[in-house]
Each structure stands twice: as C-alpha cells, then as structure tokens.
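In what follows, a structure is listed as structure tokens, so that the remarks can point back to it.
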Amino acid sequence: MLVPKKNRLLVYKYLFNEGVLFAEKDFNLPKHPELEVPNLQVIKLMQSFKSKGFVRETFAWRHYYWYLTNEGIEHLREYLNLPSEIVPATLKKSSRPPGRPMGVAGDRPPRRFEGGRGYGDREGYRGYGAGGDDKAGAPGTYRPAYREGGGRGGFGRGAGGYGGGDYGSAPGAPGAPPAV
C-alpha cells in the first residue's frame, strides 16, 4: 500500500517516541485516535514492520498492539536521523522517588490478628478450645432420617419417583398404599 511520506513520518516518530503503538481493527476508521493518519495506513505500516521483525504484535479485543524491538529502534534511528542518546519512552528509567524498603512496618498500623486479640493461628476457629484438639462432631451412631417412617427417599422435590406419596397415586401402582 502506498502511504504518503508525511503520514509515514508521523507514524514512525510516534512509534519511536512512545515505543508502543495501538490501533483498533477497523479498516474504515477515518483517522487513528492518536495521530492525524488514517487507521488503515497505521495498520499496514505496522504490518510491514512486523514482517521485517521491527515490532512485536499482540491482538486483543479488536485492538492491535505493537511493541518496538531493538532492531526496530535501530532502523527508526537510522531512518529518522536521530542520535543514539534519544531512546523510546519504554526504555527510559522512571524518575519516581524511591519508596520505603520492603519489610519495614514504619507508620503502617498493626495487622488485624497480631497481639493475641484475634485468631492468630486459627485457635478459636469454629469454637475450638485453646488446645484445638477437641474437634466436635456427630457421634458414630448418628443416622439422620429425612422422611418419617424411613420410607423410600428421593432427591429434589419428588419423593423418589412416581407413586412416592399417598396422594395422587393410583391403586395398584408401585409404592401406592394398599386398597382397603
């Protein structure tokens, strides 16, 4: 695809400055959201860069994402006549002030379960005593009955198939009460 040199330079400069570029997969979009270039031209230029190994492409949720590789940085530096001191934003060190070192409590409030107030190491969990060994449970002879008389059980709303209850069952049907 033929891309005007003005548009090509805009895309290349943006890519070099940021180190990354994105575009929605919409070939009819009149212009790219960040650049004054048609979206199709951005996609095709990056497709060319991808085939040459200058960018790495990722696609997610109808969006292309391109990340500049080291070969791409060298190529754009040569194409745009930039000195080696200028680097993309993705390679620049952040100028954040260093935070406090990890592991120092400092001004942080104490943890919720420290100090013996709560259940530090799960003692007291589910009402266990201080020893934690006296686990309460059902006795070995416990047999729950879900129906009166211990008849046929069933799952869900039913009573275990047709004819499970006294009402609505035809005489002589399996499980029906005997006719008097």
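The values are calculated or read from the model by the stated rules, or taken from the named source; none is laboratory data. The structure displayed is predicted, hence computed values, not measured ones. Quick reminder, even Gly has a Cβ in these numbers, built from the backbone with ideal geometry, and neighbours come from all protein chains shown. SASA here: full protein model, heavy atoms, side chains in, ligands and nucleic acids out. Shrake-Rupley method; radii C 1.70, N 1.55, O 1.52, S 1.80 Å.
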Expressed in nanometres to one decimal, the distance between label points 7 Å along Cα→Cβ at Phe22 and His63 is 0.2
Sparse-neighbourhood loop hits (GluC sites (Glu not before Pro), segment 23-74; DSSP loop; Cβ within 10 Å at most 12 others) -> Glu36
Each label sits 7 Å from Cα toward the beta-carbon; between Leu29 and Glu71 the label points are separated, in nm, by 2.7
Around Leu82 (Cβ within 12 Å, Cβ-to-Cβ, excluding Leu82; K/R +1, D/E -1) the net charge comes to -1
Expressed as a percent, the accessible surface of segment 39-96 that is carbon or sulfur, using a 1.4 Å probe and the full set of protein chains, is 51
Net charge (Lys, Arg +1; Asp, Glu -1) of residues whose beta-carbon lies under 13 Å from that of Leu2, Leu2 excluded, is +4
One quarter of the C-alpha convex hull surface, i.e. the mean projected area of segment 5-63 in nm², amounts to 3.9
